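Throughout, read-outs are computed from the coordinates displayed, never taken from laboratory work. This is a predicted model, so every value here is computed, not measured. Positions of Cβ are backbone-derived with ideal geometry, glycine not excepted, and every protein chain shown enters the neighbour counts.
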Amino acid sequence: MKNLTRWILSLFAHKDQHASLRKFKFFEALNPYELFLLQKLMHKREFRKGEQLFGEKNPLELIYFIESGEIEVKGKLQPHGAVVVGKRQHLGLIDMYHEQIRSSSAEVIKDCVLWAVSKHDFEKYLLQNPQAGIKILREVCSYLSNFAFALCEQIEIKA
């Protein structure tokens, strides 16, 4: 009830305070209240060029959603050595569902603004909000399917 009251009051304060989260494919189907609850768990962070977000084999603690900037990712899921990820992309979802450790390293190559959420908080959100969880997990499944097929194509081209 407390969250519902806060959400209703927030409607009067800002027109669409969750617009930046809605731009991510994983969250675009969420209703305003689901976005409100999710945003309460997320933290906006800024990183400068040259900073390392995480290293390969580090424990998976945070999932990042990139609002702006670019990050170079190197690891075993990049058959050509490295890939650059940027605006409206994410880091950590694949690792979240595999071994709970980072499969790659990530370094900022263009100043970034990121939304970060702890793995624990994100999983708790999915469990406590099943309707939102289904919407997000549907997008995660779609992403993983597309990622797998794209990776197969890259490997075939390389061979």
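List of remarks:
This table checks each residue for (1) surrounded by 14 or more Cβ atoms within 10 Å (Cβ to Cβ); (2) out of contact with any Cys (no Cβ under 6 Å at 6 or more places or on another chain); (3) in contact (Cβ under 8 Å) with a residue 60 or more places away in the chain.
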site: L30; (1), (2), (3): yes, yes, yes
site: L35; (1), (2), (3): yes, yes, no
site: K44; (1), (2), (3): no, yes, yes
site: F47; (1), (2), (3): yes, no, yes
site: P59; (1), (2), (3): no, yes, no
site: Y64; (1), (2), (3): yes, yes, no
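- Meets criteria (without any contact (Cβ under 8 Å) to a residue 40 or more places away in the chain, surrounded by 13 or more Cβ atoms within 10 Å (Cβ to Cβ) and in contact with an Asp or Glu (Cβ under 7 Å, 6 or more places away or on another chain)) for G69: no
- Top-ranked residue of the stretch 115-145 - restricted to ones that are among the hydroxyl-bearing types (S, T, Y) and surrounded by fewer than 18 Cβ atoms within 10 Å (Cβ to Cβ), ranked as farthest from E56 (Cα to Cα): S142
- Flag for C112 being surrounded by fewer than 15 Cβ atoms within 10 Å (Cβ to Cβ) and either among the small types (G, A, S) or within 30 Å of P32 (Cα to Cα) (or both): no
- Unique match (being within 23 Å of F149 (Cβ to Cβ) and not hydrophobic (A, V, I, L, M, F, W, C)) among K49, K87: K87
- Qualifying residue in the stretch 73-90 (condition: closer than 21 Å to V140 by Cβ, of a type in the set (S, T, N, Q) and in contact with a helix residue (DSSP H, G or I) (Cβ under 7 Å, 6 or more places away or on another chain)): no
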